[in-house]
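In what follows, a structure is listed as structure tokens, so that the remarks can point back to it.
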Ligand code: ZN
């Protein structure tokens with residue numbers, strides 16, 4: 001079963017989401033939600049999905065950047081975007097700290113705004129403190145594309161969408177992105 005991904009305009013996407021206790025994380029309901037979110041993210045396909053996007057106002061996101069997504073890329077493209085595969089990562093109640101004032105400018109899209117992309121500046125290096133799917137605390141320092149995905153997903157938990165940070169002059173359809181950029 002796949003979950004329905006809410007589209008921009010749905011008020012749940014603009015709400016601040018609630019934290020989860022360790023007990024709640026271990027509950028059947030949340031374990032099930034995590035599994036369904038992973039399946040939904042892979043099916044889309046996307047490199048991240050936040051609980052508000054599937055109608056749950058909870059501080060929970062799943063992230064995964066599989067190597068098949070960038071299979072046709074040259075080494076140069078990978079380097080430019082600092083993009084490497086990321087194993088599945090579940091982040092609950094995440095606290096994000098920006099570690100670098102340097103910003104990278106790249107086109108970015110969102111499963112809640114399908115068919116469109118635009119340039120979003122994102123910090124190159126961030127620290128994340130969160131709980132995993134078992135409720136264990138972890139700290140992770142992420143760079144490049146991984147840092148971008150974390151900033152995008154954690155924004156969702158605050159009711160913030162990538163269009164809020166986007167350079168709107170660069171907003172375009174995915175078709176035109178493939179054609180012109
Ligand atoms: Zn998104």
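The values are calculated or read from the model by the stated rules, or taken from the named source; none is laboratory data. What you see is a predicted model, and the numbers here were worked out from it, not measured in a lab. Positions of Cβ are backbone-derived with ideal geometry, glycine not excepted, and every protein chain shown enters the neighbour counts.
Can you name every residue in segment 8-33 that is more than 16 Å from the chain's Cα centre (by Cα), surrounded by 13 or more Cβ atoms within 10 Å (Cβ to Cβ) and within 16 Å of the ligand (Cβ to nearest atom)?
10, 12, 15
Which ones in segment 164-181 are within 16 Å of the ligand (Cβ to nearest atom) and either in a strand (DSSP E or B) or more than 18 Å from residue 104 (Cβ to Cβ) (or both)?
Kept after step one, since they are within 16 Å of the ligand (Cβ to nearest atom), are these residues of segment 164-181: 164-166, 171, 174.
Correct list: 171, 174.
For segment 119-139, give me each residue that is in contact with a helix residue (DSSP H, G or I) (Cβ under 8 Å, 6 or more places away or on another chain) and on the phi < 0 side of the Ramachandran plot.
120, 122, 123, 124, 125, 126, 128, 131, 133, 134
State which residue pairs qualify: first residue within 19 Å of residue 85 (Cβ to Cβ) and within 11 Å of the ligand (Cβ to nearest atom) and inside segment 137-156, second residue at pLDDT 95 or above and in a helix (DSSP H, G or I) in any location, beta carbons under 8 Å apart, and separation of 6 or more residues or different chains.
152/162
Could you give me the residue pairs with C-beta distances under 6 Å whose first residue belongs to segment 1-22 and is closer than 27 Å to residue 134 by Cβ, whose second residue is surrounded by fewer than 13 Cβ atoms within 10 Å (Cβ to Cβ) wherever it lies, and which are 6+ apart or on separate chains?
2/43
Taking residue 161 as meeting all but one of (1) over 21 Å from residue 13 (Cα atoms); (2) within 16 Å of the ligand (Cβ to nearest atom); (3) surrounded by 16 or more Cβ atoms within 10 Å (Cβ to Cβ), write down the number of the exception.
(1)
Looking at the structure I just gave you, is residue 87 modelled with pLDDT of 95 or more, within 25 Å of residue 4 (Cα to Cα), under 15 Å from the mean Cα position of the chain (by Cα) and assigned to a strand (DSSP E or B)? Walk me through it before giving the result.
Details: modelled with pLDDT of 95 or more: yes; within 25 Å of residue 4 (Cα to Cα): yes; under 15 Å from the mean Cα position of the chain (by Cα): yes; assigned to a strand (DSSP E or B): yes.
Yes: the conditions hold for residue 87.
Check whether at least one residue in segment 34-47 is touching a helix residue (DSSP H, G or I) at 6+ places or on another chain (Cβ under 8 Å), within 15 Å of the ligand (Cβ to nearest atom) and in a helix (DSSP H, G or I), and report yes or no.
Yes: segment 34-47 contains one or more residues that are touching a helix residue (DSSP H, G or I) at 6+ places or on another chain (Cβ under 8 Å), within 15 Å of the ligand (Cβ to nearest atom) and in a helix (DSSP H, G or I).
Within segment 98-124, can you find the residues that are more than 16 Å from the ligand (Cβ to nearest atom), assigned to a strand (DSSP E or B) and more than 15 Å from the chain's Cα centre (by Cα)?
Matches in segment 98-124: 98, 103, 104, 105.
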